[in-house]
Structure formats: C-alpha cells, structure tokens
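Working notes for the structure below.
The values are calculated or read from the model by the stated rules, or taken from the named source; none is laboratory data. Fair warning: this is a prediction, and the values are worked out from it, not measured in the lab. Counting neighbours? That spans all protein chains shown, and the Cβs are built from the backbone with ideal geometry, glycine included.
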Amino acid sequence: MGSMMKICKNKVWQFLIWLKENNVLYCNVPLDATVMDLYSDQEEFLPGIRDRIIYDSNSAPTLLFEEETAGFMSHPASSPNIDDVKIEPQVILENMGMSDPECSRINGRTFTACALRNLIPASNKIPDLTIPQGNVIREYNNPDLFLGMFPTLYPLGIGGFDIPDRETPLGFRSQVESYFNLFDHSFCYHRSFMFVALNIYQCRTAHLHTSFTVKKSHFTEMAKHFVALTPDIINSLADHLEHEKQLVNLDPKQKNALELLQQVNTISAHIPGSEASKIKTRNQIRSYYGLFGLPHIYITLNPCATHSPIFQVIFGDNSVDLSLCYPTLVNAMERALRLAKDPVAASDFFDFSIKAIFEHLFGWNFTNKESKPNGGILGHLKAWTGTVELTERGCFHGHFLIWLLGGMNPGNTHIRLQQDSEFKTRFFFHFLNLSHVIPSQTLIML
C-alpha cells in the first residue's frame with residue numbers, strides 16, 4: 001500500500017507547470033515553488049497519512065482474508081503457485097467510494113421544497129437546488145466543476161458537463177457513460193471519478209423526481225386544492241422552506257398551501273440504490289405475480305469475469321482468440337488485477353453475458369420483448385424479471401424469475417395430477433430423469 005500513498009515532488013511540480021501553460025483553468029493560477037519545498041526530494045507519504053495508520057496486532061490476516069474473499073472459487077491471491085508468477089508488484093485495490101442513495105445529507109425541508117417546484121411545469125429539466133458545503137461551489141450549471149476536480153482527466157480544461165452553448169444537448173448520465181466507452185480507459189481506471197459522478201447523479205435524480213403521495217380517499221379533494229395554487233405561491237413557499245425561515249412569517253396564501261402539505265408525503269423512488277427504489281422494485285415483482293401467477297423458475301446467474309476470455313477482450317486484450325475452444329489467457333493474478341482495475345469492463349461483461357444467456361439459451365427477443373418463435377432450452381418464455389447484486393469480491397450476479405408460456409400454477413398442477421393419469425405418468429417420469437435423485441419413498445407419498 002505504501003507505493004499508492006506516496007507523492008513524487010518533481011512530477012507534481014512539472015504537471016502544475018504544464019497545466020498552467022495548457023489548461024485554461026490554470027493559466028491565471030500563481031505557482032509558488034516554496035510550497036513544494038514542504039515535501040522531501042525523495043518519494044514520501046502524503047502529509048497526514050502516517051498519523052492515520054491503524055496497527056492491528058490481534059487479528060489473524062489469513063483468517064480475515066478467507067472470510068472477506070469467500071466464494072465458489074479460490075481467490076487468485078491464494079493460489080499455491082502465486083510466488084512463481086512473474087508480474088510487476090501491484091496492489092489489488094478495488095475502486096471504493098462514498099455513496100448516499102438515501103440522500104441523507106439533504107434535509108426534509110429541501111425535499112419538500114423540491115417536490116413543490118416539481119408541481120410547476122418547466123421548459124427544462126435542470127434541478128433548481130444547490131447543497132452548499134464549506135466554500136460554495138455550484139454543482140449545477142457549472143461546466144468547470146469536473147474540470148477543476150480532475151485535472152488529470154481533463155488536462156486541457158475542456159469537455160465538462162452542463163455546457164449551455166453545446167450544439168447538441170447532452171444529459172449528465174449520457175455524458176458519463178460516453179466517457180466510460182472511450183478508447184482511452186482513463187475514466188474507467190480512475191479511482192474516484194465514477195463515485196463522484198454517481199453521487200451527483202443521485203442528488204439530481206432526487207431533486208427532479210421528488211413527488212407527493214396522498215391517500216386514495218383524499219386524492220380528489222387534494223388535487224383540486226393543489227391545482228388552485230399559483231406558481232408564485234409555490235415558488236415563494238419553496239424558497240421559504242428551503243432557507244428554513246420561520247413559519248410564522250408566512251402570508252395567508254402560503255399558510256393554506258402549507259396546510260395542504262400536512263396531508264401528503266414526500267417521496268423519491270427513482271434514486272438508484274435507495275430504499276424507496278428497492279420498495280418500488282418489490283412492488284413491480286408483486287405485480288408480475290398478480291398478472292402471471294407464481295414463477296416457474298428461479299435462477300441465479302453468476303458469470304465469472306476473472307476466468308472468462310470474453311472479459312479479457314472487453315478489457316482490451318487483443319491477443320485472446322475467441323474462435324478457439326480454450327483460448328490462451330494470462331495468469332490468474334494478472335486477470336484479477338485487470339478485474340480490479342476496470343470495474344466498467346466487468347459491468348459490460350455482466351451485461352453482455354446476461355443478454356447472451358437470455359437471447360441464445362432461453363430464446364428471448366430483446367427487440368420485440370417476447371420469446372422467439374423457436375423458443376429456447378426452457379421452451380417459450382412468457383415473461384421474466386430480475387435484480388442485480390454485487391458479491392463480496394465486487395463481481396455482479398443476478399437473481400431472475402421466469403414465467404414459461406403454457407406453464408401452470410401449483411394449484412392447477414395438483415388438479416391435473418388427480419384428473420389426468422397420462423399427465424401424472426409424464427410428470428413423475430420427468431423427475432426420474434433429472435440429475436437430482438428423488439427417493440422412491442417420496443414418490444410413493446406423492
């Protein structure tokens with residue numbers, strides 16, 4: 001870890017000089033060489049790092065490693081031949097960052113103010129809230145925000161977000177995804193860019209998709225009152241709440257609007273990873289149950305990127321020949337380093353794998369959103385849904401529910417077993433031919 005926490009004084013100073021000569025944001029920034037004298041001429045730890053090192057002499061490293069890397073396959077670093085592998089010394093450090101899907105740093109009044117403003121039709125979809133922290137740097141309509149935070153990614157000081165005079169408008173999420181799809185993988189390899197972008201995207205989603213809910217019995221009455229509110233009253237009340245002013249200073253019209261808020265709840269169910277979005281997903285799955293009945297198949301798909309030749313190609317290894325049945329790959333340690341280095345490639349590999357399984361094995365047509373005429377290995381699919389999770393090693397795996405065309409619910413199956421002897425014979429014959437062995441006593445009980 002020491003090599004990752006050190007600073008090279010000369011490289012930093014040369015980079016600052018280069019930025020001043022080539023980056024529009026640094027051209028007027030004065031450089032003070034005496035500041036660099038605070039660092040040694042030799043590579044050393046960043047200031048304050050040594051004071052924050054926690055030494056643990058009680059825990060067993062081997063046991064902790066086994067617990068934190070548990071999986072179906074052994075971790076590449078635990079290979080018995082790892083000492084024989086000749087690679088450059090590197091640290092397997094997965095990209096980490098802070099995420100706030102619940103937007104806990106946004107207070108309740110801010111959410112309510114945002115929901116109020118969303119009642120007013122707007123010509124654009126730009127959020128109207130800023131969350132100042134320390135020195136106020138605007139997160140919205142600030143093209144220089146990312147350019148200043150990541151000079152190594154934007155060395156010339158161009159290519160930021162929210163550029164007003166851009167010929168073709170480009171949304172925040174689309175622009176981030178385009179950066180991850182560049183031939184130069186600098187954005188994919190950066191250890192903090194994706195987390196900063198995710199947090200800003202979550203905040204914007206919270207602001208744009210915050211809305212009100214009300215009991216069904218009160219909906220008609222509440223809708224009439226909300227429609228009667230003018231944009232001026234809504235904006236003035238939103239500003240009052242956002243700046244946490246005293247409620248006693250509200251005028252009568254604002255007080256009437258505030259009383260309406262006592263009858264509604266403020267929600268934001270579109271934030272990725274939030275508890276509200278999880279509840280929304282569960283409700284969608286329950287709606288599938290109501291429409292199609294109980295699912296016929298529950299399956300977990302866990303494609304392993306570390307050992308997949310396809311992932312190596314997505315990572316950028318052009319030496320892998322996918323036309324071979326067993327392509328030649330780099331050693332296990334190098335494959336693990338690649339997976340830790342490029343989580344975007346791991347995500348692309350998982351997406352490709354799931355689509356390939358459903359399209360070519362299960363016979364699902366993603367364009368028409370229906371089963372192909374010839375079906376797949378399970379027959380014809382009627383519908384399917386699923387969710388994606390991360391394993392302890394940072395790899396994706398998905399849980400899927402599948403409904404088959406012509407499949408029966410358990411109640412209908414039991415009735416037909418009692419009434420159709422031929423179906424009963426074929427039903428049990430099917431289980432006898434499965435790889436799983438069913439004891440004969442169980443069949444007699446059935």
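Quick one: count up the residues across segment 305-317 that are in contact (Cβ under 8 Å) with a residue 60 or more places away in the chain and either farther than 13 Å from Phe350 by Cα or over 22 Å from the mean Cα position of the chain (by Cα) (or both).
Of the residues in segment 305-317, 2 are in contact (Cβ under 8 Å) with a residue 60 or more places away in the chain and either farther than 13 Å from Phe350 by Cα or over 22 Å from the mean Cα position of the chain (by Cα) (or both).
Regarding segment 277-289, can at least one residue be identified that is in contact with a Phe, Trp or Tyr (Cβ under 9 Å, 6 or more places away or on another chain) and within 25 Å of Met408 (Cβ to Cβ)?
yes
Give the residues of segment 209-257 that are over 27 Å from Lys280 (Cβ atoms), of a type in the set (Lys, Arg) and at pLDDT 70 or above, sorted by residue number.
Once the filter is applied, which keeps residues that are over 27 Å from Lys280 (Cβ atoms), of a type in the set (Lys, Arg) and at pLDDT 70 or above, segment 209-257 yields Lys224, Lys253, Lys255.
Within segment 318-353, can you find the residues that are in a loop (DSSP other than H, G, I, E, B), touching a residue at least 12 places away in the same chain (Cβ under 8 Å) and touching a helix residue (DSSP H, G or I) at 6+ places or on another chain (Cβ under 8 Å)?
The answer is Leu322, Pro327, Leu329, Val330, Asp342.
I'd like to know if segment 343-359 contains one or more residues that are farther than 23 Å from Phe193 by Cα, in contact with a Ser or Thr (Cβ under 7 Å, 6 or more places away or on another chain), not assigned by TED's automatic domain parsing to the domain that holds Phe193 and not aromatic (Phe, Trp, Tyr).
No, segment 343-359 contains no residue that is farther than 23 Å from Phe193 by Cα, in contact with a Ser or Thr (Cβ under 7 Å, 6 or more places away or on another chain), not assigned by TED's automatic domain parsing to the domain that holds Phe193 and not aromatic (Phe, Trp, Tyr).
Just the residues that are hydrophobic (A, V, I, L, M, F, W, C) and either surrounded by fewer than 15 Cβ atoms within 10 Å (Cβ to Cβ) or free of Cβ contacts under 8 Å to residues at least 40 places away in the same chain (or both), please, taken from segment 149-166.
Met149, Leu156, Ile158, Phe161, Ile163, listed by residue number.
Considering segment 354-369 alone, what residues qualify as being among the aromatic types (Phe, Trp, Tyr) and either exposed (fewer than 15 other Cβ atoms within 10 Å of the Cβ) or in a helix (DSSP H, G or I) (or both)?
Phe358, Phe366
Would it be correct to say that Gly406 is under 30 Å from Phe427 (Cα atoms), in contact with a strand residue (DSSP E or B) (Cβ under 8 Å, 6 or more places away or on another chain), surrounded by 12 or more Cβ atoms within 10 Å (Cβ to Cβ) and in the same structural domain as Tyr289 (by TED's automatic domain parsing)?
No, not satisfied.
Suppose we keep only residues that are surrounded by 10 or more Cβ atoms within 10 Å (Cβ to Cβ) and among the charged types (D, E, K, R) within segment 1-40. Which one would you say is modelled with the highest pLDDT?
If we take residues in segment 1-40 being surrounded by 10 or more Cβ atoms within 10 Å (Cβ to Cβ) and among the charged types (D, E, K, R), then Lys20 is modelled with the highest pLDDT.
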